[in-house]
Amino acid sequence: MTAELVRGQNHPLSQSRLEIRISAGTPVAAAAALGDENGRIHGTEWVAHPGAPVQPGLEVSRQAAADHRLAVDLDAMTDAVHRVSVLLALPAANAGAGPARFGSVAAPFVAVTGLDGTEVASYTITGLNLESAVVALELYRRQGAWKVRAVGQGYAGGLAELFADQGLSEAAQLAAGIDEAVAKGLVRSVQAPPPRTPEGDRSRQAAAPAVGPDQGAAPQGAPGPVPPAYGGQPAGGQGQGGPQPPYGGATDPHAPSGGPVDYSHPRRQTSAPPPPPPAAPPAHPGQPSRPVAGDATGWSMEERLYNQVWGMFEDLARTAAAYRSAVDFAESRMDKELEQALSDPRSRIGGQGDAAREAARARYTQLVDQARASLDRDLDQLAAESEVVEPALPPAFARWDNPCWHAYRVPMEIPMALRLGDLRLPEAESIRIPMLLRLPLERGLWIDSGRTESLDGSFTDSHDMRRLAMDTAVAHAARLLAVYPAGEFTVHVVDPAGSGAQALAPLTQTGVLAGPPAQGAAGVTEVLARLTQRVDLVQMALRGGAPDALPPGFDTSQQLLIVNDFPHGFDDRAVNQLRYLVDEGPSVGVHLMMVADREESAGYGPLLDPLWRSLLRLTAVPDDHLADPWVGHAWTYEPPSVPPGSEVLRQVLTQVAEARRTWNR
């Protein structure tokens with residue numbers, strides 16, 4: 001039975017291998033510090049944190065997330081360690097975005113569990129206010145036995161104050177290093193999937209509204225409020241079917257200024273339940289139920305498929321985590337048994353020692369085989385689900401080789417999300433999970449054109465990487481143009497040296513761009529000046545409460561700027577304008593897609609570090625660089641690709657261009 005602790009209460013621990021599960025209402029950074037009998041930390045090597053996630057007996061998450069799993073092996077602790085403190089911190093407290101104190105978010109929940117998931121003790125950290133870092137709980141050794149104590153000690157000064165209070169002389173340096181590691185992690189993070197429903201009833205439970213990390217808050221839930229086109233409070237409701245205001249949120253006209261927001265969908269009768277989900281075909285006796293496309297929560301098939309895709313992502317992440325944890329446990333147990341066998345001089349030689357070693361290896365093999373069988377069973381179910389879900393996806397969610405693109409028509413409504421590529425794990429090479437990003441975009445994209453080593457061990461030179469990066473950027477831009485209604489998405493291109501002309505041909509030849517790609521320093525200056533002026537005008541209109549006062553003929557569509565060959569053609573003023581667009585543009589409908597090699601911009605020094613951190617890094621070749629929101633799995637990201645010889649991309653863009661011309665008449 002779980003012991004629900006209150007502050008200061010303790011509880012004995014009967015297991016040495018444990019998991020610390022953390023659930024917070026917003027992304028937090030998790031760390032664990034080792035202390036002596038007095039609780040003092042003797043050095044930075046006594047702290048496991050996102051920058052150094054593995055220490056003897058400890059492993060923590062590699063990035064900030066709303067949910068964490070920390071692995072603890074108390075038997076692996078040295079005799080000098082008497083205390084393990086679990087630490088939480090708000091990364092936004094130093095990043096300048098999102099909540100800066102625990103008093104403004106939901107109370108974090110911490111649970112100590114066995115490897116099988118059984119809870120031993122739990123603690124809800126209440127009473128926090130101005131604190132941005134907190135010691136959640138501690139595992140401590142007393143008279144040879146380990147116990148857990150609920151602490152809940154917060155620090156308004158963040159991790160630096162926390163570490164200093166525990167006697168660490170390098171407190172400020174370590175806190176800065178953790179902030180840097182978390183900021184880098186945010187660049188490679190995958191947005192969290194929507195909240196899951198109880199197992200086996202995924203299609204009949206209402207999901208709680210939430211927004212994802214790209215919106216700067218808790219894990220994203222598809223049925224929750226959809227962000228408006230520009231800034232303000234979220235507008236709309238649980239779908240994307242109704243019209244949205246061009247600027248700001250949907251406030252109640254009868255409420256005073258700053259009153260409550262009306263999140264009801266303009267076309268939805270919320271009193272009526274959603275239509276029933278598709279019925280699953282009957283399963284054979286003794287076999288698991290057969291998967292069916294669209295069996296997740298949602299008011300529409302699009303919403304159900306979105307939730308189902310992220311449900312598959314979460315299922316694969318958790319089953320892989322369970323398998324890796326089981327293998328680690330088997331290896332640790334075998335090592336311990338072998339060490340015990342070798343510690344006795346009498347058993348080092350002869351039949352007794354050989355028998356002990358063989359028995360340890362046999363137990364290891366048995367545990368790994370059991371874990372693999374469980375993993376294979378889950379993977380078979382996921383593979384079967386993927387086979388029925390992939391063909392049912394709408395164009396915005398589908399690969400370029402999906403037949404739905406051959407029946408493409410310019411949509412009348414904005415979809416709720418966009419596919420940016422695929423994700424996979426090494427345990428399941430054949431299963432590809434679509435990487436879906438909510439619309440409208442809340443983060444810019446960075447297509448990395450730097451020289452890289454591909455997964456097959458071959459190197460891709462800089463010329464090929466630039467070409468592949470531009471091809472990937474064009475595929476992303478084409479998909480964005482294709483999923484928006486006519487006249488609601490505009491693309492600008494800055495190509496100072498003209499090196500991307502061949503890759504840009506599908507966009508330029510079909511006439512879907514706002515104008516020819518800007519070249520040279522003068523072209524860069526003109527485009528950036530025009531877009532920064534647009535951001536200023538919209539912001540002034542919103543702040544003045546007069547969005548209708550914009551100049552006549554003002555283009556209210558979403559704007560995307562593709563920048564190639566950065567930093568060629570950019571002076572200091574242009575770089576500052578670019579950073580301004582990255583920081584302020586998304587809230588007013590101006591988005592950035594950088595095609596660049598970070599090393600080539602090293603001459604600007606740390607000036608551009610915030611820019612790179614603000615963008616979601618994608619690659620032009622498969623690369624293990626994206627992390628999930630729970631255990632930090634290194635997911636392999638695969639960019640979208642048009643089948644060789646296919647004309648589908650040009651055909652789609654031709655329809656988009658024709659629809660734009662009709663709309664502009």
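Read the figures in this text as sums done on the coordinates, not as results from a lab. Remember, it's a predicted structure, so these values are computed and weren't measured experimentally. No Cβ is skipped: glycine too gets one built from the backbone with ideal geometry, and neighbour counts run over all protein chains shown.
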| query | In a Debye calculation with equal point scatterers on the alpha-carbon sites of region 416-572 and no solvent, what is log10 I(q)/I(0) at q = 0.08, 0.12, 0.17, 0.18 Å⁻¹? | reply | -0.30, -0.65, -1.17, -1.27
| request: Return, for the Cα atoms of region 316-419, the radius of gyration and Dmax in Å, separated by a comma. | output: 24.9, 80
| field | R0 of 41 Å, Cβ-Cβ distance Gln352-Asp624: FRET efficiency to nearest 0.05 | value | 0.40
| message | Quick query: amide H of Trp146 versus all other amide H atoms, modeled in the peptide plane; which residues come in under 5 Å with a sequence gap of 5 or more or a different chain? | response | Leu13
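What is the gain in length, in nm to one decimal, between Glu387 and Arg142 on full extension, counting 0.36 nm per residue of separation less the C-alpha to C-alpha distance? Intermediate results must be reported in sequence, preceding the final value.
Values: separation 245, 0.36 × 245 = 88.20 nm, distance 5.39 nm.
Stretched fully, the Glu387-Arg142 segment lengthens by 82.8 nm.
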| query | Between Arg573 and Ala529, what is the label-to-label distance in nm when each label sits 7 Å out along the Cα-to-Cβ direction? | reply | 0.7
| message | Sorted from largest to smallest, which semi-axis lengths in Å does the alpha carbon gyration tensor of region 496-595 give for its equivalent ellipsoid, taking the root of 5 times each eigenvalue? | response | 26, 16, 11
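Once you have the Cα-Cα distance between Ala373 and Glu331, take 0.36 nm times their residue separation minus that, and quote the gain in nm to one decimal. Intermediate values should be presented prior to the final figure.
Working: separation 42, 0.36 × 42 = 15.12 nm, distance 1.72 nm.
Net length gain for the segment: 13.4 nm.
Please compute the length gained on full extension between Gln173 and Gln15, using 0.36 nm multiplied by the number of residues separating them and subtracting their Cα-Cα distance. Before the final figure, lay out each step's value.
On the way: separation 158, 0.36 × 158 = 56.88 nm, distance 3.46 nm.
Extra length available between Gln173 and Gln15 comes to 53.4 nm.
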| request: Compare the peptides 538-547, 556-565, 615-624, 120-129 by average per-residue count of other Cβ atoms within 10 angstrom and give them in order, highest first. | output: 556-565, 615-624, 120-129, 538-547
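Set the Förster distance to 60 Å, then compute FRET efficiency between Thr78 and Ala521 from the Cβ-Cβ distance, nearest 0.05. Before the final figure, lay out the partial values.
On the way: r = 60 Å, r/R0 = 1.00.
After rounding to 0.05, the efficiency reads 0.50.
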| task | Can you pull the one-decimal nm distance between simple spin-label points at Phe109 and Asp165, each 7 Å off the Cα toward Cβ? | result | 2.5
| For region 513-529, Karplus couplings with θ = phi - 60° (6.51, -1.76, 1.60), whole Hz, Gly/Pro x | 7, 5, x, x, x, 6, 10, x, 4, 5, x, 4, 4, 5, 5, 5, 5
| field | Inter-label distance, nm, simple model (7 Å from Cα along the C-beta direction), Leu342/Asp401 | value | 4.9
| message | Could you derive backbone 3J(HN,Hα) for region 423-440 from the dihedral phi with the Karplus parameters 6.51, -1.76 and 1.60 (θ = phi - 60°), listing whole Hz in sequence and x where the residue is Gly or Pro? | response | 10, 8, 10, x, 6, 9, 4, 7, 9, 10, 9, x, 8, 9, 10, 5, 10, x
